[in-house]
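To start, the structure itself, in structure tokens.
The values are calculated or read from the model by the stated rules, or taken from the named source; none is laboratory data. All values derive from a computational prediction rather than experimental measurement. Positions of Cβ are generated from backbone atoms using ideal geometry, with glycine treated the same way; all protein chains shown enter the neighbour counts. Keep in mind that these areas ignore ligands, DNA and RNA; they rest on the heavy atoms of the full protein, side chains included. Shrake-Rupley method; radii C 1.70, N 1.55, O 1.52, S 1.80 Å.
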Amino acid sequence: MSSKKRTKTIAQRTTAGTAVGLPVGYPDFLEDIKSRIRSAQIKASLAASRELILLYWDLGKSIVDRQHRDGWGKSVVDKLAADLQRDFPGMEGFSPRNVWRMRAFYLAWTDGVLSQAGREGGSSILPRAVAELDGQNLPRGVAEIPWGQNIALLEKLKDPVQRLWYAKMTTEHGWSLPVLVIQIESGLFERQGKAVTNFKRTLPPPQSDLA
């Protein structure tokens, strides 16, 4: 027998011996560990996303404050975006368009948000939603979804109550950006959740689009 064939035979015997010698319950134990690792990865990813959302909120607030206090115009904000891109070349999200979105993001949840909610949000969920729409702080549910989903809420919805409702639904059901857009365009809010009653049964959180 050649040395190559002999090595292959030994390897096969070793593999077979290892498989045979596994303790009872090892496969289930392995799957449990893998599931926990995936869960930790998802949580870490969502936590990082939350920190990014809070950073964008804070940057938007800083820009608005400077504009009100010092009269900063469009050219200064564009210069800020260029400088941030230069100083953080490996970090995405500092294009002029996105920096302006940060400003819009901050204003969307602060500038007249309560009065707008009162005018447009006439629904059974209004009292609960208004409790979170204090016009000063970022609603908790909004901080839990990725930036792309937040942009969709800003650009497709004017009513802060509806935006907050869709944000919570996105977190609860793990909607990806395309799924969120479909739900908005199909008027899910107006149907008050009739189409999502079976999502928890069919889309468990670890396997959701958002994860």
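What to note about this one:
- A residue that is assigned to a helix (DSSP H, G or I), of a type outside the set (Ser, Thr, Tyr) and either under 23 Å from Glu155 (Cβ atoms) or more than 27 Å from the chain's Cα centre (by Cα) (or both) occurs nowhere in region 32-44.
- Search result, residues across region 153-190 that are of a type in the set (Gly, Ala, Ser) and either more than 14 Å from Phe105 (Cβ to Cβ) or in contact with a Ser or Thr (Cβ under 9 Å, 6 or more places away or on another chain) (or both): Gly174, Ser176, Ser186, Gly187
- On inspection, Val130 passes the criterion of being modelled with pLDDT under 90 and among the aliphatic types (A, V, I, L, M).
- Any hit, region 134-144, residues being modelled with pLDDT of 85 or more, farther than 18 Å from Asn98 by Cα, charged (D, E, K, R) and part of a loop (DSSP other than H, G, I, E, B): yes
- The single condition from (1) among the charged types (D, E, K, R); (2) touching a residue at least 40 places away in the same chain (Cβ under 8 Å); (3) out of contact with any helix residue (DSSP H, G or I) (no Cβ under 6 Å at 6 or more places or on another chain); (4) in a helix (DSSP H, G or I) that Lys158 fails is (4).
- A single member of Leu177, Leu157, Leu210 is modelled with pLDDT under 90 and open to solvent by less than 80 Å² (accessible area, probe 1.4 Å), and it is Leu210.
- Cβ-Cβ under 9 Å pairs, at least 6 apart or on other chains, region 56-67 side under 10 Å from Phe105 (Cβ atoms), far side polar (S, T, N, Q) and surrounded by 14 or more Cβ atoms within 10 Å (Cβ to Cβ): Tyr56/Asn98; Tyr56/Asn150; Lys61/Thr110
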